[in-house]
Amino acid sequence: MHVSHLFRKTLCALSLALASSVACYGAPTGLTVGPVDLQSIGPMTFTETGILLVGDPKTATVHAINLEDSEGQPGSPKIEDFVGAIKSALAIDGDVEVGELAVNPETGNTFVSVSAGGAIHLLRIDGADQISRVGLDKISHASKVLPNAPEDRVETRGRRKRNNRDSSITDLAYFEGKVMVSGLSAGDAPSRVIEFPFPFAENTIATTVEIFHAAHGRVEDGSPIQTFLPMMVDGEPSLLAGYTCTPLVRFSVNDLGESQKVRGTTVAELGNRNQPLDMIVYEKDGSTSILLSNSARGVMKISTDGLESRASLTERVSGGGTAGQPFETIDSLSGVKQMDKLNDQHAVALIDDKGRLALQTIELP
């Protein structure tokens, strides 16, 4: 089996026909200059041409922002007190919530979203660990409002209160010239994957997705994908998706949009009472692996060997057990919240070190 060296922050389908990869290159079109008003922290990723895609769950909108980030210098980001450094560099008082992280593959500069002072800010960290604010008042961009988003209101179910609008966008990726978005929609079967061309166009395809949740022992379509990777698996475009509590599920991209509902192949159960946070894929020592960070179960290095032939789990995995695709927990990478690939050997990560958030460069295991 061959899993292409494609990962969600810099994806373009190198192994597909040239006609399908041409869209990944060339100057961006369809962008206009104006303000980008972010209302919430959401996932971020770069296209092949250095355009930053930002999801805003509160407004159910995806923004494509031309940062004009054309210069960088080699570096290995390391800021031990990242929140303190943000406050000092930008003169921000009060609480700072650090959100998503994305590395520009063209320059190596790191971009991080933060919430502070009642506003959402986008920060740039260069190779010398210098932090600066990206001006969003007048910037070249395009915006795409997702159809049929959940209503923005808090609902009570049993003892839990939840606003499904907060999960209208849970992750996004650029793949084969398209933007792919996971999250919730309005309706009784809300978990979905949306895809639309980049630059943005009206022809949006939305597919309801369901899974066999091994820890629960049942088929489910109500919980969103939390993080996903588009990748080629034996020549087939696929999504590898992580769900809360913690099934790992493979979807065929070719199946999305072909019917109203698609059931994925649950290739692994990684343990209950846990939420997957971020994923990258990389090659080392002739093998392709997936690195998955989690809220309660550390960082997992998951093998891709046999992924194409792995049958779906169909029986309950109880007691917090695991099953399916083999993995190992990397004890040296505890506390990783967000990460993105810096180069073939390293990633940049946001790490919770005993309550203090650090920005660090980690070696890929």
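Here are the numbers for the structure shown:
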| quantity | calculated |
| --- | --- |
| Extreme residue, nearest to the chain's Cα centre (by Cα), among residues of the range 118-169 that are of a type in the set (S, T, N, Q) and either assigned to a strand (DSSP E or B) or on the phi > 0 side of the Ramachandran plot (or both) | Ser143 |
| Selection within the range 68-100 - of a type in the set (D, E, K, R) and assigned to a loop (DSSP other than H, G, I, E, B) | Glu68, Asp69, Glu71, Lys78, Glu80, Asp81, Asp93, Asp95 |
| Selection count, the range 39-56, where residues are touching an Asp or Glu at 6+ places or on another chain (Cβ under 6 Å), under 16 Å from Met180 (Cβ atoms) and not in a strand (DSSP E or B) | 2 |
| Residue check for Glu97: loosely packed, with under 15 Cβ neighbours inside 10 Å and more than 23 Å from the chain's Cα centre (by Cα) | no |
| Qualifying residue in the range 50-72 (condition: over 30 Å from Pro150 (Cβ atoms) and in contact with a helix residue (DSSP H, G or I) (Cβ under 8 Å, 6 or more places away or on another chain)) | no |
| Number of positions in the range 244-254 that are out of contact with any Leu (no Cβ under 7 Å at 6 or more places or on another chain), surrounded by 17 or more Cβ atoms within 10 Å (Cβ to Cβ) and outside any loop (DSSP other than H, G, I, E, B) | 2 |
| Scope the range 211-262; condition over 18 Å from Gly177 (Cβ atoms), of a type in the set (A, V, I, L, M, F, W, C) and more than 14 Å from the chain's Cα centre (by Cα); matching residues | Ile211, Phe212, Ala214, Ala215, Val219, Val233, Cys245, Leu248, Val249, Phe251, Val262 |
| Test: residue in the range 296-307 that is touching a Phe, Trp or Tyr at 6+ places or on another chain (Cβ under 9 Å), of a type outside the set (Val, Ile, Thr), assigned to a strand (DSSP E or B) and under 29 Å from Arg356 (Cβ atoms) | yes |
| Evaluation of Gly117 against (1) touching an Asp or Glu at 6+ places or on another chain (Cβ under 9 Å); (2) over 16 Å from Asp69 (Cβ atoms); (3) at pLDDT 95 or above (one fails), failing number | (3) |
| In the range 170-189, residue surrounded by the fewest Cβ atoms within 10 Å (Cβ to Cβ) [restricted to those that are more than 12 Å from the chain's Cα centre (by Cα) and assigned to a loop (DSSP other than H, G, I, E, B)] | Asp188 |
| Meets criteria (surrounded by 15 or more Cβ atoms within 10 Å (Cβ to Cβ) and either within 30 Å of Ser70 (Cα to Cα) or in contact with a Leu (Cβ under 8 Å, 6 or more places away or on another chain) (or both)) for Ser132 | no |
| In the range 309-351, residue surrounded by the fewest Cβ atoms within 10 Å (Cβ to Cβ) [restricted to those that are of a type in the set (D, E, K, R) and farther than 30 Å from Ile125 by Cα] | Glu315 |
| The lone exception for Leu18 - which of (1) modelled with pLDDT of 95 or more; (2) exposed (fewer than 13 other Cβ atoms within 10 Å of the Cβ) it fails | (1) |
| Selection from the range 334-361 of residues that are hydroxyl-bearing (Ser, Thr, Tyr) and in contact with a Leu (Cβ under 7 Å, 6 or more places away or on another chain) | Thr361 |
| Residue in the range 157-177 that is among the polar types (S, T, N, Q) and in contact with a Ser or Thr (Cβ under 6 Å, 6 or more places away or on another chain) present | yes |
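The values are calculated or read from the model by the stated rules, or taken from the named source; none is laboratory data. All values reported here derive from a predicted model rather than from experimental measurement. Ideal geometry is used to build each Cβ from the backbone, glycine not excepted, and the neighbour counts take in all protein chains shown.
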